[in-house]
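Undergrad: The structure under discussion is supplied below as structure tokens; questions concerning it will follow.
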Amino acid sequence: MTDVAPPTGEQYHLRLDAPGGVVTAIVTEVAAGLRALEVGGVAVAETFSEHEAPPSASGITLVPWPNRVDGGTWTLDGKPQQLDITEVAKGNASHGLLRFSPYRAVSVEEHAITQSASVFPQHGYPFRLDTTVRHELVDGGMVVTHTVTGRGAGTAPIAVGAHPFFRVGGHDPASLRVTLDAATRFETNVRSIPVGTAPVAGTPFDLTGSPLLGDLDIDAGYTDIATDGEGHRHITLAAPDGSSTTMWMDAAYPYMQVFTPRNFPRDGVKGLAFAAEPMSAPANALVSGEGLVWLAPGETWTGRWGVAYSPAP
């Protein structure tokens, strides 16, 4: 019988023996995806079988734009550009150009892997980019570093994101409390395209008061997110016993998408899940220009985000 190759390609198993417990992860060849992450045997990221494609884009890298481009159409130097429509139901170009692309392993260590992939000129995006993603295990979690370098003749507009789903071990997702100190969200139309911004205070989108995940039903982009003393923005999932999973992002990521689907397939059963997506620009940035970085040939953009688990006190 012929072995069936995983749809996400090579599976890279990482391990770090750290003071806070053994940290392990699985990173995939396709989309430089995060398929699993555990700290001391506690799962802090959602996982899926190596024989499955990432459900709801779980764990993938989003380059050269995160989220959506309205109708896949934007304008460059006064000329219309038409990207391939990859979200057919809503008629948008979604999650960049490397979602189904294999990455090359540049450096593989027991506790870290650096992968690279290139964006080549194509429909609606006439630019060449070289990208890298480094997943590095650290005590209590992981640090992910993204770089994008302009390689073509023109100055390229870019934005970067990732699509991780988080959990706190085996705790019921509905019992977790979500905390995000963000003041503003993007209002969207029925096709999930931003049409404006609104304050979140006193609305169902307000996460400053640590609402229960089970009470949330949102797919919203946030901005005006508070920073800590290191300039990081973060969101935390806390379990009833005091254990928690925190996703942080550095200054390169001023935006975050929070997504609480109720159809995430877990152990063959669809249920509630939680995605917190670091984004350097909001949805539809190629059209609005908000958050875009323009890379000249040879210029490099770098951004970092990470995951930290805290056990129950």
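Undergrad: Under 5 Å between amide H atoms, partner at least 5 residues away or on a different chain: which partners does Leu98 have, H built in plane at 1.01 Å?
TA: Answer set, sorted by chain and number: Val63.
Undergrad: With 10 angstrom as the radius, rank Val22, Val119, Val88 by how many other C-beta atoms surround their C-beta, starting from the fewest. Can you show the working numbers first?
TA: Values: Val22 13, Val119 22, Val88 8.
So the residues, fewest neighbours to most, are Val88, Val22, Val119.
Undergrad: Could I ask something else about it? Just check region 51-132 against the gyration tensor rule for me: Cα atoms, a ≥ b ≥ c as the square roots of the eigenvalues, rounded for a/c under 1.5, and otherwise prolate or oblate depending on whether a/b exceeds b/c.
TA: On the way: a/c = 3.14, a/b = 1.56, b/c = 2.02.
Judged from the Cα gyration tensor, region 51-132 comes out oblate (a/c at least 1.5, b/c at or above a/b).
Undergrad: Output the peptides 148-161, 60-73, 203-216 sorted from most to least packed, where packing is the average of other Cβ atoms within 10 Å over each peptide's residues.
TA: Details: 148-161: 20.8, 60-73: 24.4, 203-216: 14.9.
Packing proxy ranking, top to bottom: 60-73, 148-161, 203-216.
Undergrad: Follow-up question, since we're still on this one. In whole percent, what relative contact order does the chain give with Cα contacts below 8 Å and a gap of six or more residues?
TA: Details: 848 pairs, mean separation 57.9, N = 313.
In percent, rounded to a whole number, it is 18.
Undergrad: Just to confirm my numbers, what's the Cα centroid distance between region 97-145 and region 47-95 in Å?
TA: 17 Å
Undergrad: Do me a favour and compute the ellipsoid semi-axes for the chain from its Cα gyration tensor, root of five times each eigenvalue, largest one first, whole Å. Write out the running numbers ahead of the final one.
TA: Values: eigenvalues 163, 117, 69 Å².
Largest first, the chain gives 29, 24, 19 Å.
Rule-based calculations on the coordinates, nothing more; no lab input. As the structure is a prediction and not an experimental result, all values here were calculated from the model. Every residue, glycine as well, gets a Cβ built from its backbone with ideal geometry; the counts of neighbours run over all protein chains shown.
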